[in-house]
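Below is one structure, written out as structure tokens, with a few remarks after it.
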Amino acid sequence: MDSMILTKLQNDIEESVDRYKSILAIPRKEISLVQDLELVFKYVKDTQELHINQFNERIMEDFGVSFNTARNVRPVLERANLLMKTKDNKIKLTTMAENYYKTKEIGYLTKGFIYNYFGFLEFLYLIQKKGPSRRKELISDWVKLYENEYSKRITTTNLTQFSRIYTYLVGLDLIRLNNQIIEMNDKHYLSLEKIEYW
């Protein structure tokens, strides 16, 4: 356990206020989460003045998902500070997404998720506190952290949220699986300090 990283995680948790209680999954098409995000961003980048309806249709067509699934992609990415909606219902990339395109620095994608949604920092905190762990060794403590912040929710919702956050953390290279043991990528987490604008 690295006490400096643990302290930084504690500080990040305390300073990250008004986080969303839950996150929806991004539809999967490509090999990695980052490639799926890049595909979504490409729709916006390639079509000037892309309307929300066009955006939803494109997600439905290319990812093969329902309207309800497609329409949730935009709010998830807006809350992660990667997309924004204009007054006339057009979709634009944020500065964070544009910076990712310029640099290919994954931290521009990562930072918006972990600081705007509950559970990401807490997941990392538990791995750092307990050391490399199995998923089942983390879930009950993770749920307690949620309940301390908000209130109880049904078990299936907790399990779904925990699994989604796990998928995002793997996809954003903040955690790795080594023989069924989850390890934190300390280097990537610490590199987020250099991502100034978000």
Under 5 Å between amide H atoms, partner at least 5 residues away or on a different chain: which partners does Ile181 have, H built in plane at 1.01 Å? none
Tally up the carbon and sulfur contribution to the accessible surface of the chain as a whole percent, 1.4 Å probe, everything protein left in place. 47 percent
Size of the dipole of the chain about the Cα centre, Lys and Arg at +1 and Asp and Glu at -1 on the beta carbon, nothing else charged, in debye to 20? 400 debye
Distance from region 50-96 to region 131-173 (C-alpha centre basis), Å: 26 Å
Under 16 Å from the 7 Å Cα→Cβ point of Leu24, by amide nitrogen: which residues of region 141-175? 161, 164-165
Asn89 to Glu14: FRET efficiency via 1/(1 + (r/R0)^6), r the Cβ-Cβ distance, R0 41 Å, to the nearest 0.05? 0.70
Given a cut-off of 27 Å, name the pairs among Lys129/Lys187; Lys85/Lys152; Lys42/Lys136; Lys29/Lys130; Lys104/Lys144; Lys85/Lys144 whose C-alpha atoms lie farther apart than that in the structure shown. Lys85/Lys152; Lys42/Lys136; Lys29/Lys130; Lys104/Lys144; Lys85/Lys144
Loop-only check: which trypsin sites (Lys or Arg not before Pro) in region 65-143 are DSSP coil with at most 16 other Cβ within 10 angstrom? Lys87, Lys104, Arg134
Taking the Cα-to-Cβ direction at Arg134 and at Asn148 and moving 7 Å from each Cα, how far apart do the two end points lie in nm? 2.5 nm
With point charges of +1 on the Cβ of Lys and Arg and -1 on the Cβ of Asp and Glu, referenced to the Cα centre of region 105-177, which listed residue (Thr156, Ile175, Tyr125) lies farthest in the positive direction of the dipole? Thr156
Apply the Karplus parameterisation 6.51 cos²θ - 1.76 cosθ + 1.60, with θ equal to phi minus 60°, to every residue of region 84-90 and state each ³J(HN,Hα) to the nearest whole Hz, in sequence, with x for glycine and proline. 9, 9, 8, 4, 9, 6, 9
What is the extension gain from Thr155 to Ser3, computed as 0.36 nm multiplied by their sequence separation minus the C-alpha to C-alpha distance, in nm to one decimal? 51.6 nm
Heavy-atom accessible area per residue, the chain, 1.4 Å probe: how many Å²? 53 Å²
Take the alpha carbon gyration tensor of region 129-198, find the square roots of its eigenvalues, order them as a ≥ b ≥ c, and report rounded if a/c is under 1.5; if not, report prolate when a/b exceeds b/c, else oblate. oblate
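Give me the dipole magnitude in Debye, nearest 20, for region 74-183 about the Cα centre, with unit charges on the beta carbon: positive for Lys and Arg, negative for Asp and Glu. Could you put the intermediate results ahead of the total?
Working: 19 positive and 11 negative charges, 52 e Å.
Dipole of region 74-183, to the nearest 20 debye: 240 debye.
Give me the percent relative contact order of the chain, please, defined on Cα pairs under 8 angstrom at least 6 residues apart. Working shown, then result.
On the way: 229 pairs, mean separation 48.8, N = 198.
With pairs under 8 Å counted, the relative contact order is 25 percent.
The values are calculated or read from the model by the stated rules, or taken from the named source; none is laboratory data. Model, not experiment: these values are computed from the prediction. Using ideal geometry, Cβ is built from the backbone for each residue, glycine included, and neighbour counts are taken over all protein chains shown. Only protein heavy atoms, including side chains, enter the accessible area calculation; ligands, DNA and RNA are left aside. Shrake-Rupley method; radii C 1.70, N 1.55, O 1.52, S 1.80 Å.
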